[in-house]
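So the structure is just underneath, and the comments pick up after that.
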Amino acid sequence: MLKKLLSSVLYLILINLKAFSIEDSKNSISNVLDLPSWTTAISAHNDGLSDVAVSILTKINARSDLSNQDETRVRSLLVENLVRAGKLQEAIDAVKGDELRFWRGIALAGLGKVNEALPLLEEYLSNPESALHASSVLSITAAYESLGMNDRALEIIKNSLEKNNNSGTSLQIIKFKLATLYLLEGFYIDSIKTIESINSNKKRVLDLKNLITSKALFKLDKFKESELSLRDVEIEPNKRTAQLHLAIELLRIEINYNLNNVENVLSVINSAIETAPKDCDTSPLFDKLLLLTKKFSEQIDSNLQDWIKSDNKDLSRKSLYYFIKKNQSKQQLKSISSLKMLSTGDDEISLKSKILHSKILINQGDKQEAIELLSSIKNSADKETTKAEINFLLAEAHKDNKDLRSATESYLNITDPKNSNAAAFNAALVDLMDPEKSDHIVNPQILTKVKDNKLKGNLMLERGLLLASEQNTIAKKAINEFIELYPQHDRIAEAYLAVTSLLLLESPVSYESVKSSLKKANDHSVKPIDKERVGYLSFWLEENSDNSDAANNLADEFISKWPNSSYAPEIRMRQAEIFYANKDFSKALLNFEKLYTNYPNSILVSRARYYAAHAARLTLTDEGLSRAFNLFQKVAENDEQLSEKARIEQAKIRLNKNLKDEAIIILDSIIESESSAKIKTLALMLKGKALYEQGATSADKITESIKVFDQILSINKLRVTDRNEAVFRKAKSYEFIAQNTKSLELYYQILTAPRPPLSQNEQPEMNWHFKAGFECIRILTKRGTSQDLRAAIIISDQLSEMKGPRSAEAMVISERLKLENFIWDE
């Protein structure tokens, strides 16, 4: 804003530097002097009303009855006023031949065509005595500024001051320009020294000096001194230009904010809005107002509502727009209705309202409606920044709609110099992420539009990272290409970290390569996030190497350095799991507890609490069991996915403490719920077991347990393991009530049941099969008849031939029975 103000002030001084009053020549014999419109044009020119002068002179210039001398006179004044009015290309088009070199040079410089302007202005640039020297210097430096070549602009200004021995207005203007450039380039002390070298008692000059000094002091973080300097800018609000008002008030707001005078900021903004000149764009002030919403929400709403009622139409419409913008999330339907009302005009607020309307639609997921609205206004904007905003929104909406081609086109439609490079980068990024491209190579035509070499490096790295996320085999090669081409890029550490991650995922892992890559990442790490990730990968390197002690030390070190890292819960979880795997259940419990205590919002909390409960139970103490039960209760209450498993574990704890009735109550709640078949089967199994273990006190419990096992066997698509266990436990129940024949029949049923085909990598069920076989052998041997003994031997032989976990034991039993009972194979 200060740059705009200074450019405006300097330009006003510039165009008046050579604006001598034009008087009619009494000796002229030209007819043009007799035209009333000529006299009006001269008056408008002398009064600084260049637009009016241009309108009149254009009509005079179109006359066909002018002499050559009159044509030249009219054209000269027309070109000068076109330049003053900012119609630079029209001024150049109006010139004939090689005439009016100065004004052509000024116009070309204003269009940023420095190479064409320099030859035309060279004689004035090199001659400080020329009345047009200051004008030429300022025009050329402004042109260099527009091209971002501030170093060349500074060179021109400094050369001028070295040659200039004059004093007065032209020298002051050049010094003001130098101070401005110093300010823009960050040479704040040099800017203040230059301002101090300007000697003048004129109030306008003093005010401008104080304003620039205040801005420089602000940039030096000397907020109190800056405030004092700004107070010396004594221009009443009603005497300010629009740009001057904004520059002063925005600086005042920033000073107060940095002095922590937050309440004063609100009053400054309110006053600035209410006292703004008629043609002032107060949008930046309203934007500042909304930044105070968190602290002064109700006061801001009250002020906006008061202004909405104002007779000042511009203030009223802007206030309504910003009221909607502030409160849109609370009342979206009402906001849209009000925005539609504001959109009916043809002013800037109308356009802003349509843009805000489209943002709300995008947030609501109405992408297509937003696209239609934005498409209808994209040619209505005059400001390049507004056009850029519309196209950015269009691109985002198209991207969310999976229309990547249209998103790319919208980005490429952004021509605003401040945004075009970022837009081209986004276009390339969208093209890179096209899922139909397996190699994700950016279209070369789009890539050429990205001028910034750093952004090109970003694109190359993003491609490598995208390939890595897809586990593409060329990912590591792509990232290494970035490292080779951009060794000084500020994301080089990130690249080495990505390569390290990929190396850790390889099988087998080359730990030497991982260590080498991680060292390079560490050596290039400057950003805290990179150093943090080095620590994270260092932990996983040791964890993958099965170096438990080193991994645990690095885990503690990482969490100590970066306790708020998003990686911290993951590392704490893995550290606890390492202790758990090594059967150090006390330390495992401690670290699981640290996770859910210190990171209560982590997605790992329930899992940590669940395994903390297991660790507590495995301490094999009454206190541990009680603690485990309470932890499982917490999991059951707070995690839907783990709640069933947690309640099963609670039931097991009660069974282990011989509190079978309490266990059965828990199990019944699971059985009666909408639990999965797997969990329901497990609950029924535990209940059946608890019941037959209570059979010593009540035969009814045995009968009830048999019914429970039958309930399991009625479940569709029951796993072989579950079916065999249910039959086995049902057989055991019959055995408890001395129905050994029924029990034998059920055990034998397990041995003879048809086995379904095994799926790939599935192992046959052996556990209950062998248990049932040995129970058959036990019952048959106990009965002891010759037939029973022969049956026991047959079953033993069958088990020994199965090559299962207890086959050798079955063979020993078979041999023993044969020897003891003199039974030999025939």
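The values are calculated or read from the model by the stated rules, or taken from the named source; none is laboratory data. The structure presented is a predicted model; accordingly, all values stated were derived computationally and were not measured. A quick note on method: Cβ atoms are made from the backbone with ideal geometry, for glycine too, and the neighbour counts reach across all protein chains shown. Accessible surface areas use protein heavy atoms only, side chains included; no ligands, DNA or RNA. Shrake-Rupley method; radii C 1.70, N 1.55, O 1.52, S 1.80 Å.
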If only Cα atoms are counted, what is the Rg of segment 58-98, and what is its Dmax, in Å? 10.1, 29
With the 1.4 Å probe rolled over protein heavy atoms, segment 507-614 has an accessible area per residue in Å² of 52 Å²
Does anyone have the angle between helix 332-342 and the longest principal axis of the chain? Alpha-carbon axes, 0 to 90°, nearest 10? 20 degrees
Averaged across orientations, what area in nm² does the convex hull of the alpha carbons in the chain project? 53.8 nm²
Ranked by how many other beta carbons lie within 10 Å on average, peptides 190-197, 361-368 from highest: 190-197, 361-368
Please provide three numbers in whole Å: the alpha-carbon extents of segment 402-502 along the principal axes, with the largest listed first. 39, 30, 17
Given the rule -39500 (n - 2.57) for each run of at least 4 DSSP H residues, summed and divided by the residues of the chain, what is its mean residue ellipticity at 222 nm, to the nearest 500 deg cm²/dmol? -23000 deg cm²/dmol
Cβ-based charge dipole, the chain, positive-most Cα from S310, S516, I779: I779
What net charge is computed for the residues neighbouring K352, neighbours being all others with C-beta under 12 Å from the C-beta of K352, Lys and Arg scored +1, Asp and Glu -1? +1
What angle do you read, to the nearest 10 degrees and between 0 and 90, between the alpha-carbon axis of helix 740-752 and the longest principal axis of the chain? 50 degrees
With a sphere of radius 14 Å drawn around the Cβ of L604, what net charge do the other residues whose Cβ falls strictly inside it have (Lys, Arg +1; Asp, Glu -1)? +1
Any trypsin sites (Lys or Arg not before Pro) in segment 74-133 that lie in a DSSP loop and have at most 13 other Cβ atoms within 10 Å would be K96
Could you point to the residue in L537, L554, S525 farthest towards the positive end of segment 523-563's charge dipole, with +1 and -1 charges on the Cβ of Lys/Arg and Asp/Glu respectively? S525
Given 0.36 nm per residue, what is the gain on full extension from S146 to N264 after removing their alpha carbon distance, in nm? 38.9 nm
How large, in percent, is the carbon and sulfur part of the accessible surface of the chain at a probe radius of 1.4 Å? 49 percent
Provide the packing ranking of 726-732, 763-769, i.e. peptides ordered by the mean count of other C-beta atoms within 10 Å per residue, highest first. 726-732, 763-769
Could you give the dipole magnitude of segment 440-560 about its Cα centre, charging the beta-carbon of Lys and Arg +1 and that of Asp and Glu -1, in debye to the nearest 20? 820 debye
Restricted to Cα positions, what overall size does segment 619-695 have along the principal axes? Three whole-Å values, descending. 35, 32, 16
Model label zone, E557; criterion: amide N under 20 Å from point 7 Å along Cα-to-beta-carbon; scope segment 505-527: 511-527
In terms of the alpha carbon gyration tensor, root eigenvalues a ≥ b ≥ c, rounded if a/c is under 1.5 and otherwise prolate when a/b exceeds b/c or oblate, segment 685-812 is oblate
Provide the per residue accessible area, probe 1.4 Å, for segment 380-439, rounded to a whole number of square angstrom. 50 Å²
Helix 568-581 versus the longest principal axis of the chain: what is the Cα-based angle in degrees, 0 to 90, to the nearest 10? 20 degrees
Relative contact order for the chain: what is it in percent, counting Cα pairs under 8 Å that are at least 6 residues apart? 3 percent
Report relative contact order for segment 463-540 in percent, whole number only (criteria: Cα-Cα under 8 Å, sequence separation at least 6). 24 percent
Taking the solvent-accessible surface of protein heavy atoms with a 1.4 Å probe, what is the per residue accessible area of segment 108-259 in Å²? 47 Å²
Unit charges on C-beta of K, R, D, E only; dipole of the chain, Debye: 1180 debye
By average Cβ neighbour count within 10 Å, what is the ranking of 444-457, 571-584 from highest down? 571-584, 444-457
For segment 461-520 and segment 67-112, what is the separation of their C-alpha centers, rounded to whole Å? 59 Å
Charges only on Cβ, +1 for Lys and Arg, -1 for Asp and Glu: so what's the dipole of segment 565-639 about the Cα centre, in debye to the nearest 20? 120 debye
Identify, among I795, S705, I737, the residue whose Cα sits farthest towards the positive end of the charge dipole of the chain, taking +1 on the Cβ of Lys and Arg and -1 on the Cβ of Asp and Glu, with the dipole about the Cα centre. I737
Report the FRET efficiency, 1/(1 + (r/R0)^6), for E369 and D301, where r is their Cβ-Cβ distance and R0 is 41 Å, rounded to 0.05. 0.90
On a 1.4 Å probe surface of the protein chains, which of F296, F585 comes out largest in accessible area, and what is the full order? F585, F296
